1. From the cross-link list LYS122/LYS158; LYS58/LYS85; LYS85/LYS165; LYS106/LYS131, which pairs have alpha carbons spaced over 30 Å apart?
2. Any chance you could run the full-extension gain for THR57 through LYS132? It's 0.36 nm times the residue separation minus the Cα-Cα distance, nm to one decimal.
3. Where the only charges are on Cβ atoms (+1 Lys, Arg; -1 Asp, Glu), what is the dipole of the range 63-196 about its Cα centre, to the nearest 20 debye?
4. For TYR114, TYR90, what's the fewest-to-most ordering of other Cβ within 10 Å of each Cβ?
5. Taking neighbour Cβ counts within 10 Å as the exposure measure, how do TRP168, TRP84 sort from fewest upward?
6. What list do you get for ASP119, ASP82, ASP159 if you sort them by fewest beta carbons within 10 Å?
7. If you take the Cα Rg of the range 63-196 and divide it by 2.2 N^0.38 Å, with N the number of residues, what do you get?
8. Once the dipole of the range 63-196 is set up with Lys and Arg at +1 and Asp and Glu at -1 on Cβ about the Cα centre, which of LEU181, TYR79, PHE101 lies farthest towards its positive end?
Amino acid sequence: MKNWFLLGIILLISHKISAQKTTQKDSVILKNLPVVVADSAVLLGTDTLKIVKVDSTKFYPIPKKATKMALIPGMGQIYNRDYWKAPIVYLAVGGGLYVYFLNSLKYHDYLNAYKEFFDLDKSSSTYGQPKKSLIDSTVQVRVRNLLNTSSELLPATKDQAARGKNYWRRNRGFALIVTGLLYSLSIVEANVAAHLKTFDLSEDLTLRIEPKLQQPAMKTPTPGVRLVFNIK
């Protein structure tokens, strides 16, 4: 009889102990539930910071639009409000075109003089061959200026006319390449400037001098200093 009584007491005590453990475990889980509140607070804080950084009064150019505007020389710089850059673009592209057309005029002048040494009459039997009467003689080369308002006549042999023709043709091609590069650079500059204007950097740039123990290329800790920029 005593054995049954002791067995009942042991079962009752073990049941209470297991109930207490379950209650404590459940209460611990309930205490860990409010984690969502911390996450929401972090999200709210991040969103608030992003909203504060936006300055609606400042001009932010669109890089894609600046690139399209730059197809017309100088317009991309004007769109970015870099007005002082527009005259530089005009001078660069305009100067390149000036050199191109000037070299083109002189090339055609020497080309026309070079053609005089050949028989260009299609009905002639010697079409395309050098004229025998001008083999050892010279012709007059009419060299014009850019606006074709004045010109001068220069004597030239066949070899001199050929050298002048080739010289001004090379200069014309080089001027065209340089003008194309300057035009392309103006487009790239407008795009890059528009991208740079979208970076909102604060004017509060501070510099601190701090001690530092570990130095580069030193096996043992060595005292020194370092410069720290603090961008806010």
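1. Checking Cα-Cα distances, LYS85/LYS165 exceed 30 Å.
2. This chain segment gains 19.1 nm when fully extended.
3. The dipole of the range 63-196 has a size of about 300 debye.
4. Listed from fewest to most nearby Cβ atoms, that is TYR90, TYR114.
5. Sorted ascending by nearby Cβ count, the order is TRP84, TRP168.
6. Sorted ascending by nearby Cβ count, the order is ASP159, ASP119, ASP82.
7. 1.54
8. TYR79
Each reported figure results from applying straightforward, stated rules to the coordinates on display, with no laboratory input. Because the structure is a prediction, the values reported are computed rather than measured. With ideal geometry, Cβ positions are generated from the backbone for all residues, glycine too; neighbour counts draw on all protein chains shown.
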